[in-house]
Structure formats: structure tokens, C-alpha cells
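Some notes on the structure that comes next.
The values are calculated or read from the model by the stated rules, or taken from the named source; none is laboratory data. Fair warning: this is a prediction, and the values are worked out from it, not measured in the lab. Cβ placement follows ideal geometry from the backbone for every residue including glycine, while neighbour counts extend to all protein chains displayed.
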Amino acid sequence: MKVGTRGSSLAMVQTKNIINSLSNITDDEISIKIVKTTGDKIRDSQLYNIDVKGVFTKELDKAVLEEDVDFAVHSLKDLPSELADDLEIIAVPPRESPHEALISPYSWEELPEGATLGTSSLRREAFCHYHRKDLDIKPIRGNIGTRIKKVTSGEYDATLMAEAGLRRLNLTHHIQQNFSLDYMTPAAGQGALAVVARGDTPKRKILEALNHSTSYREVMAEKKVLEVLGVGCQWPLGVCARVQGDEMELKGILLSREGELLSQHRVRGSVNDYERIGLEVAGHMLEDYS
């Protein structure tokens, strides 16, 4: 079997974790093919200004469709709302933390007026304005290690990152604090991985064995909101579903770039109704604009 992935340190760790899990399921040898994506090539623009769907996934999709690789491993939040024809999310392994983390010598409350916070996420920028109107938000690009170094060197006073990536790279010692999911609501699918393959792949049963049903239902509810609203990283939208027992709660919150609250809804229901819950939250949000 051959797996396609981006070449970043995080992407490689995530892919190797999937390979380790597969080694308990199959005796097949698995090799890695690194694919450079549009998002990897563009270094001088905010991500939300790049008008390309699947900026971190398009080239990997092509490799899967053309059978250069058997499957691809993605950070699920990078996937567009709708996959290319003939592709499917075959499995969502157990989800890592969806929380946001602050990287800074200061706590969130201690950040001084005018402190420079680096982010290339429109959602994170909007939440910063929503909670702290006095921060100086500036673009920051680079891999996780580069962004951390820009803070520790004093170039920026702080940045926000997904806790999941820091955990996977054993960099949690850089975390100043984590935010609650209500205070800083993450992107749809944050903390989860997606195993994407052709729907007709002969390796389907093997790959399906990686699926974690609770994680799958959470992220599919979240992605349903994006699908109905027709938005991606160009919107400051936070969406997060959490399952407790047989019940799911899904929260969606939409802000303006300046941090104005535009829409916020929360729906609870049976975990088996995850798709309907996503549709209900999206429907309420659409009503706010009708």
C-alpha cells in the first residue's frame, strides 16, 4: 500500500501514526509518497486570501484519483466541504483535542494592550477581536516550529495554535494555556484526521478498521454545517460537536472579522442523529441572514 501526505513535520507524524495503527490490522507493507500542495508553495499570503478550494488537499486528491497512492491522510479541518467525485472519507481515527492553545510568555489576561498576536486564521483573528479589542493582530506563516520560534524570539508576543498539533509533535511545554471550546470555538474537524481514498478502493475494509465512530459522528456533524452554509476558512466560523454517552451537542458561532457576533446556535440530540443536528444548526444560522 502507498499513502500520500504533505511533507511537513506534523503531516509526517500524523501519517506515521496511521501506518502504525494499520500495522495492527494488515501485514501489507506501507510506503509514503510526499505530495507538495498549493498551500505549501504559497508563503506570502493569508490563507483566507487564497481563492483555491482544498488549498492543502487538491494535489493529494489528484494522486488518489489517479491511483498514484492508495489513500491520503489529511488534517480533517483542511478538507473542503465537498470532496471530489469518487473520493470518500473512509475513516476518522480517534480525535485528538479540538481545543485552541495560546503560545506566549503571557497568559491571555496578562497580554498587554497593543500586544502583537500572530495568526493567519480569519476565525482566530475574529475571536481575538471578540474577546480582546486591544491586540495588534498580524499575519504569521510557517510550520508549527517556525511560529513558536517567532514568539520565543520576541518577534510576536503571542500566537494561537491547535492543541492537537502540539500534542502530536510533543510540543505541549510551549502552551501557556488552553481555551474552553465555548470561549474559543475551533474550526470544524479540528483535532481529527481523515483517511481519504477512492470509493472503489480494494483496501476499503482495511482502512475502515481505523474508524472511530464517535469521532466520525462529531466531525461529520461539524462538516455538515460548512456544507450547508457553503463556507470555508474565508468565514470566521467556529463549529464544535462533543459526544457524551448517547447524546451530542453541537455549537456554531459566526463572527465578523472585526469580532461582532453575527450568529450563535447550540443544538442537542441523539448521537445517531448527527447529520440532522448539523443541518439544524446550519438552518438556524441561515435564518439569521434571511
task = Just name the residue that is nearest to the chain's Cα centre (by Cα) out of those in the range 112-123 that are under 23 Å from Gly238 (Cα atoms) and free of Cβ contacts under 8 Å to residues at least 60 places away in the same chain.
result = Thr119
key: Unique match (being outside the structural domain of Leu79 (by TED's automatic domain parsing) and surrounded by 20 or more Cβ atoms within 10 Å (Cβ to Cβ)) among Leu166, Leu207   = Leu166
task = Could you run through the range 141-151 and say how many residues are in contact (Cβ under 8 Å) with a residue 12 or more places away in the chain and either part of a helix (DSSP H, G or I) or surrounded by 20 or more Cβ atoms within 10 Å (Cβ to Cβ) (or both)?
result = 6
ask   = Is it fair to say Ser75 is more than 15 Å from Ile206 (Cα to Cα) and either at pLDDT 95 or above or among the acidic types (Asp, Glu) (or both)?
value = no
remark   = Across (1) crowded, with 20+ Cβ neighbours inside 10 Å; (2) over 16 Å from Arg123 (Cα atoms); (3) over 17 Å from the mean Cα position of the chain (by Cα), Leu255 clears everything bar (2)
Gly232, sole failed condition from (1) outside any helix (DSSP H, G or I); (2) at pLDDT 95 or above = (2)
request  = Please state which one of Val151, Val92 is over 14 Å from the mean Cα position of the chain (by Cα) and modelled with pLDDT of 95 or more.
outcome  = Val151
request  = List every residue pair whose Cβ atoms lie under 6 Å apart, where the two residues are 6 or more positions apart in sequence or sit on different chains, the first residue falls within the range 126-140 and is without any contact (Cβ under 8 Å) to a residue 60 or more places away in the chain and surrounded by fewer than 19 Cβ atoms within 10 Å (Cβ to Cβ), and the second residue, located anywhere, is hydrophobic (A, V, I, L, M, F, W, C) and in a loop (DSSP other than H, G, I, E, B).
outcome  = none
